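The values are calculated or read from the model by the stated rules, or taken from the named source; none is laboratory data. Quick caveat: nothing in here was measured; it's all calculated off a predicted structure. When we count neighbours, we look across all protein chains shown, and the Cβ atoms used for this are built from the backbone with ideal geometry, even at glycine. SASA here: full protein model, heavy atoms, side chains in, ligands and nucleic acids out. Shrake-Rupley method; radii C 1.70, N 1.55, O 1.52, S 1.80 Å.
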Amino acid sequence: MAIQTVGIVGAGQMGNGIAHVFALAGYDVLMNDVSAESLAKALATIDRNIERQVSRGKVTAEAKADAMARIKTSLTIADLGPCDLIIEAATEKESVKDAIFKALVPHLAAGTILTSNTSSISITRLASRTDRPEKFMGFHFMNPVPVMQLVELIRGIATDQATWDSLHQVVARLGKTAASAEDFPAFIVNRILMPMINEAVYTLYEGVGSVKSIDESLKLGANHPMGPLELADFIGLDTCLAIMNVLHEGLADTKYRPCPLLTKYVEAGWLGRKTQRGFYDYRGDVPVPTR
Ligand code: NAD
C-alpha cells in the first residue's frame with residue numbers, strides 16, 4: 001500500500017523527531033497530543049532543528065518551508081483515523097498506549113497501518129487489543145530521530161508480510177536503514193546495549209574502575225564514540241533501569257538483573273543529563289564524574 005498521510009500520537013521528544021523526518025521526506029503529517037502546549041513546543045522544536053540543517057547546507061530553505069507546511073496538529077485523536085499510517089509515540093505506559101489505540105480503532109480507515117514506537121512493551125499484546133493485529137507493528141526510531149540512521153521494524157506474532165513490506169519502503173523513503181526484529185523484550189538494540197551499560201555500572205559498583213577509567217577504556221580500547229556511563233546519562237538512567245527490568249522480568253534470567261547502583265542513582269533522582277546529574281555532574285562548565 002502506498003503511504004502518504006501519517007498520524008503521530010504524542011508530540012514529545014520522539015514524536016517531534018519523527019514528524020521532522022517524515023515531513024522532510026514529503027509525507028503529510030498530522031500530529032496529536034493531549035497537551036496543546038506539547039504540540040506548540042514540538043512545532044517550535046522542529047522549526048529550530050530543520051533551521052540548523054538549513055544553516056549547515058543540508059536542507060534548502062524551500063524544502064524547510066515545504067516540510068513545515070506539511071505538518072498539521074490536532075488535539076482530537078479521531079482526526080488521525082483516515083491516515084495511511086499511524087505512529088504512536090506517547091508516554092511509555094501500557095495503559096496510556098492501550099487507551100490511545102482503543103480511542104483510535106472506531107475511526108480508522110480499513111487499510112490504516114498501526115504502529116508503536118515503544119522501547120519495551122510487547123507489540124503482540126498491544127496489537128491483540130486492536131481490530132487489526134495483522135496490520136500492527138513495532139516501529140522503533142532511535143533518539144535523536146533526525147540524526148540516527150537505524151529504525152527497528154518489529155513483527156508481532158500476527159503481523160502480515162504486506163504490512164512489513166510497506167514499512168520497509170517507508171524507512172527507505174526516509175533515507176534510513178531498517179533492522180528486522182522479532183517481538184521479544186527490548187528487541188535488538190536495547191537487548192544488547194542495556195546489558196553492556198548495566199555491566200559498566202557493575203564494574204563501577206564493584207570498584208573495578210572509576211567513571212573516568214570505565215568510559216576511557218571503552219572509548220580508547222573498543223573504539224566506542226561515547227563511554228557506557230556517559231551514554232547512560234544521555235539516555236536517562238530511569239529509562240536504562242526500566243529496560244533492564246523489562247529484560248529481567250520478560251526473559252526470567254538473572255543475567256539481566258539491574259545493578260543496585262543503577263537503582264540507587266534513580267532513587268536519588270540523578271537521572272543523567274535531563275536532571276543535570278547522573279554518573280557525571282553537568283551543573284558546571286565541564287561534566288565532572290560523580291564517583
Ligand atoms: P516524551 O515524554 O518526551 O513524550 C511523550 C508525549 O506523549 C508527551 O508530549 C505527552 O503529552 C504525550 N501523551 C501522553 N499521553 C497521551 C495521549 N493519551 N495521547 C496523545 N499524547 C499523549 O516521551 P518520548 O521520549 O518521546 O517517548 C515516547 C515513546 O518513544 C515511548 O514509547 C518511548 O519508549 C519511545 N522511545 C523513546 C526513546 C528515547 O530515547 N526517549 C527512544 C526510542 C523510543
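Suppose we keep only residues that are open to solvent by 10 Å² or more (accessible area, probe 1.4 Å) and β-branched (Val, Ile, Thr) within the range 198-242. Which one would you say is farthest from Arg291 (Cα to Cα)?
Thr239
Could you tell me whether the range 236-258 includes any residue that is touching a strand residue (DSSP E or B) at 6+ places or on another chain (Cβ under 8 Å) and either in contact (Cβ under 8 Å) with a residue 60 or more places away in the chain or not assigned by TED's automatic domain parsing to the domain that holds Met14 (or both)?
Scanning the range 236-258, I find at least one residue that is touching a strand residue (DSSP E or B) at 6+ places or on another chain (Cβ under 8 Å) and either in contact (Cβ under 8 Å) with a residue 60 or more places away in the chain or not assigned by TED's automatic domain parsing to the domain that holds Met14 (or both), so the answer is yes.
Filter the range 6-60 for residues that are of a type in the set (S, T, N, Q) and more than 12 Å from the ligand (Cβ to nearest atom) and give the result.
The answer is Asn49, Gln53, Ser55, Thr60.
Looking only at the range 40-75, count every residue that is crowded, with 19+ Cβ neighbours inside 10 Å, of a type outside the set (S, T, N, Q) and within 16 Å of Ala90 (Cα to Cα) and tell me the total.
Total meeting the criteria: 1.
Do we find a residue being modelled with pLDDT of 95 or more, in contact with a helix residue (DSSP H, G or I) (Cβ under 7 Å, 6 or more places away or on another chain) and of a type in the set (Phe, Trp, Tyr) anywhere in the range 253-268?
Yes, that holds for at least one residue.
Scan the range 39-54 and report the pairs whose first residue is at pLDDT 95 or above and whose second residue is among the acidic types (Asp, Glu), with Cβ atoms within less than 6 Å and a gap of 6+ or a chain change.
Leu39/Asp33
So Ile3 passes all but one of these: (1) away from the ligand (no atom under 16 Å from the Cβ); (2) within 18 Å of Leu174 (Cβ to Cβ); (3) part of a helix (DSSP H, G or I); (4) of a type in the set (Val, Ile, Thr). Which condition number does it fail?
For Ile3, the failing item is (3).
Only one of (1) at pLDDT 95 or above; (2) in contact with a Gly (Cβ under 9 Å, 6 or more places away or on another chain) is not met by Asn143, so which one is it?
(1)
Which of the residues that make up the range 74-90 are assigned to a loop (DSSP other than H, G, I, E, B), in contact with a helix residue (DSSP H, G or I) (Cβ under 9 Å, 6 or more places away or on another chain) and more than 10 Å from the ligand (Cβ to nearest atom)?
Those that are assigned to a loop (DSSP other than H, G, I, E, B), in contact with a helix residue (DSSP H, G or I) (Cβ under 9 Å, 6 or more places away or on another chain) and more than 10 Å from the ligand (Cβ to nearest atom): Gly81, Pro82, Asp84.
Out of (1) open to solvent by 50 Å² or more (accessible area, probe 1.4 Å); (2) within 16 Å of Ala200 (Cα to Cα); (3) not assigned by TED's automatic domain parsing to the domain that holds Val211, the odd one out for Thr290 is which?
Every listed condition holds for Thr290 apart from (1).
For a quick check of your reading of the model, give me the residue pairs whose first member lies in the range 141-166 and is under 18 Å from Ile86 (Cα atoms) and among the small types (Gly, Ala, Ser), whose second is at pLDDT below 95 and more than 16 Å from the ligand (Cβ to nearest atom), with beta-carbon atoms closer than 8 Å and at least 6 apart or on different chains.
Ala162/Met1; Ser166/Met1
Tally up the residues in the range 93-126 that are surrounded by 15 or more Cβ atoms within 10 Å (Cβ to Cβ), in a loop (DSSP other than H, G, I, E, B) and either of a type in the set (A, V, I, L, M, F, W, C) or without any contact (Cβ under 8 Å) to a residue 60 or more places away in the chain (or both), please.
Residues flagged as surrounded by 15 or more Cβ atoms within 10 Å (Cβ to Cβ), in a loop (DSSP other than H, G, I, E, B) and either of a type in the set (A, V, I, L, M, F, W, C) or without any contact (Cβ under 8 Å) to a residue 60 or more places away in the chain (or both) within the range 93-126 amount to 4.
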